[in-house]
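What follows is calculated from the coordinates using simple rules that are stated; it is not laboratory data. Predicted model only: the values in this text are computed from it and were never measured. So basically every Cβ, Gly included, is an ideal-geometry build from the backbone, and we count neighbours across all protein chains shown.
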């Protein structure tokens with residue numbers, strides 16, 4: 001029987017801030033397969049996340065199939081919008097949610113991981129942010145647009161550029177995207193659709209460059225809608241979920257573990273010849289060109 005075996009592999013997963021999103025589901029699936037899990041959490045959420053872990057608030061969702069709890073080797077504060085401390089504005093450095101941490105930029109975290117573990121095998125980018133996501137693109141400011149690109153797509157480029165130096169040969173990198181990269185999704189604004197399009201384009205280029213430079217494979221998953229805490233902030237996630245269940249070829253709720261399982265395949269040697277791919281894990285919604293709503297009124301000749 002073909003199994004996914006990640007024993008002896010170490011995964012760094014960026015963007016986990018709670019136990020609800022796809023990043024958590026991927027971490028859990030990789031842990032099931034035997035990988036060691038280390039996490040990068042957005043710096044302002046670091047204290048809350050660590051306290052929730054310590055107090056057992058995530059224990060139920062940490063349970064693996066054998067009844068044990070997913071182990072998290074270490075959690076690092078990470079703000080992937082900054083490559084180095086020189087990039088951090090003074091007001092951010094002095095913000096109370098940042099002041100207690102010294103090393104939270106990408107280069108800082110890579111250096112800390114190298115010091116603590118030497119190398120990693122797997123890099124997962126599960127983070128995005130668009131400060132003006134609720135604004136239509138026509139009303140998005142230049143700063144808001146560039147902020148979305150910086151946090152949601154360039155951060156993956158920078159993380160791979162820096163982590164690539166400490167990734168073992170045969171390593172793999174994965175990001176998460178959304179179909180707004182190629183289709184209009186009203187309400188998903190602020191430059192986020194552009195950021196996802198850039199992320200998918202970068203995946204192909206990075207697959208070539210990181211493959212030739214380090215032997216690293218690079219892929220992305222275009223995931224369907226999930227009622228996560230981050231998605232709720234956009235404001236129309238329930239509409240998206242209902243739309244998907246009504247119109248997708250597979251009319252069922254999408255489970256976070258289904259993204260986790262697909263990620264585990266892409267991050268394992270079972271997919272050793274797969275790179276530069278955008279894999280749709282959305283119950284097939286991406287394949288539809290016409291919504292079913294209203295189709296009953298259509299006639300054919």
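With respect to the chain, whose longest principal axis is taken over its alpha-carbon atoms, helix 22-32 is tilted by about 60°. Springs join every pair of Cα atoms under 10 Å in this Gaussian network model of the chain, and among 140, 177, 107 the largest mean-square fluctuation is at 140. For the peptides 3-10, 65-72, 49-56, 108-115, the ranking by mean Cβ contacts within 10 Å, running from highest to lowest, is 108-115, 3-10, 49-56, 65-72.
Protection proxy ranking, highest mean first, for peptides 33-44, 215-226: 215-226, 33-44, where packing is the per-residue count of other beta-carbon atoms within 10 Å, averaged. Structural size metrics of region 1-139, computed from C-alpha coordinates, are Rg and Dmax of 16.4, 56 Å. Reported value for region 99-204: 109 Å³ per residue, from the convex hull of its C-alpha atoms. Between the helical axis of 192-214 and the longest alpha-carbon principal axis of the chain there is an angle of about 50 degrees. How would you classify region 27-85 from its alpha-carbon gyration tensor, with a ≥ b ≥ c the square roots of the eigenvalues: rounded for a/c under 1.5, else prolate if a/b is greater than b/c, otherwise oblate? Here region 27-85 falls in the oblate category.
Summarising the label geometry, the points placed 7 Å from Cα in the beta-carbon direction at residue 84 and residue 3 lie 4.6 nm from one another. Using R0 = 22 Å, the C-beta based FRET efficiency linking residue 204 and residue 288 works out to 0.40. Within the listed set 146, 127, 174, the residue fluctuating most in the Gaussian network model of the chain (springs between alpha-carbon atoms under 10 angstrom) is 146.
Is region 10-284 rounded, prolate or oblate when judged by the Cα gyration tensor, a ≥ b ≥ c being the square roots of its eigenvalues, rounded requiring a/c under 1.5 and prolate requiring a/b larger than b/c? Verdict is rounded for region 10-284.
Does anyone have the angle between helix 106-117 and the longest principal axis of the chain? Alpha-carbon axes, 0 to 90°, nearest 10? So the inclination is approximately 60 degrees.
Normalised Debye scattering of region 182-225 at q = 0.18, 0.28, 0.32 Å⁻¹ gives log10 I(q)/I(0) of -0.61, -0.98, -1.12, counting only Cα atoms as equal scatterers and leaving out solvent.
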